[in-house]
Amino acid sequence: RRPARYRNSDDPRWVIAIDGRKGLSTLVQFLHARENMYRLVYHHKTTRAATQMLILLFRRARWLIAQGKPLVCSCSALHATLATDVTEQVPFEYVLRLDDSDIWTTIKAWAEDDSGDKILKDLSRGLLSRDLFKAFLLSDDVYQRLKAIDSEETGRTLRAIVKARLGCTQDEAEYYYSFDSTTFNVIGRPQDKPWLDVWIMQSGALGFEFQTLREYWSKEICSPDSAYQHLLLVHRTVVQDLASMVARLSFPAESA
């Protein structure tokens with residue numbers, strides 16, 4: 001129970017707290033491990049590229065089904081999932097019937113189907129052979145400027161470059177590049193509701209003293225409690241075109 005001096009009149013009296021003498025070092029180690037997993041694994045450029053290609057692959061599959069095109073699937077549950085309208089929730093029983101083998105078997109079939117959709121085949125082969133999109137790591141202002149350049153109002157500049165290089169249509173070009181913006185919060189709690197945070201309880205001159213884990217992290221660990229990552233992921237064929245464009249516009253972007 002928090003003493004009255006640490007709460008407003010509307011705040012709950014009871015919070016989750018740890019004994020700073022015993023559990024704090026273990027909790028800090030856990031948070032460092034969580035931070036490293038996001039930075040080195042979940043947000044790794046290879047992970048993000050494969051994820052975006054998988055998203056584009058199934059977006060194309062959904063579009064083909066919506067157009068009445070025949071589509072090979074390893075099981076009926078996957079076909080039914082892809083056929084579900086984007087405005088509707090996928091029935092839970094479909095999800096329960098799917099596993100990784102269903103997905104990869106279908107992707108292999110799409111990669112080998114010479115009579116099927118070219119985009120579906122290209123993305124499937126890229127995933128299977130690890131020929132993934134290349135990543136440009138962007139700062140926030142660069143990311144926003146590139147998205148503005150590629151908006152409807154500016155004529156979809158990036159899409160036009162992809163179209164010209166790959167010899168595809170304007171609509172098909174959207175499947176060969178992608179913007180990706182991800183973020184994570186080390187503490188994992190909303191800042192506007194501190195009572196939902198984990199509190200640290202330590203002995204002080206006036207009895208037990210309290211501070212939130214977020215406050216401790218910023219003051220003692222001296223590390224930001226959240227981070228973001230902005231990427232532009234592009235097909236390898238247009239990497240040089242996009243790199244030249246970034247250089248001409250003097251964007252401080254680092255190509256991965």
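The values are calculated or read from the model by the stated rules, or taken from the named source; none is laboratory data. Values in this document were obtained by computation on a predicted structure and should not be read as measured data. For neighbour counting, all protein chains shown are included, and Cβ atoms are generated from backbone atoms with ideal geometry for every residue, glycine included. Side chains are part of the model used for accessible areas, which takes the heavy atoms of the whole protein and leaves out ligands, DNA and RNA. Shrake-Rupley method; radii C 1.70, N 1.55, O 1.52, S 1.80 Å.
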Out of every Cα-Cα pair in region 25-132, what percent are more than 22 Å apart? 42
Karplus 3J(HN,Hα) series, Hz, for region 96-113 with 6.51 cos²θ - 1.76 cosθ + 1.60 (x for Gly, Pro): 5, 8, 9, 9, 4, 5, 4, 5, 5, 5, 5, 4, 4, 5, 5, 5, 9, 8
Working note, region 123-226: Cα radius of gyration (Å, one decimal) and Dmax (Å, whole number) are 23.0, 73
Magnitude of the Cβ-charge dipole (Lys and Arg +1, Asp and Glu -1) of the chain about the Cα centre, nearest 20 debye, reported as 560
Using a Förster distance of 45 Å, how high is the FRET efficiency between Ser76 and Lys22, based on the Cβ-Cβ distance and rounded to 0.05? 0.25
What are the equivalent ellipsoid semi-axes of the chain, built from the alpha-carbon gyration tensor (square roots of five times its eigenvalues), in whole angstrom, biggest first? 45, 25, 16
Tell me what the chain gives for mean residue ellipticity at 222 nm when only DSSP H runs of n ≥ 4 count, each as -39,500 (n - 2.57), the sum divided by the residue total, rounded to 500 deg cm²/dmol. -13000 deg cm²/dmol
How much of Phe136 can a 1.4 Å solvent probe reach, expressed as accessible area in Å² and rounded to 10? 10
Using a probe radius of 1.4 Å on heavy atoms only, what accessible surface per residue do you get for region 1-69? Whole Å² is fine. 65
Extension gain, Tyr42 back to Leu137 (0.36 nm per residue minus Cα-Cα distance, nm): 32.7 nm
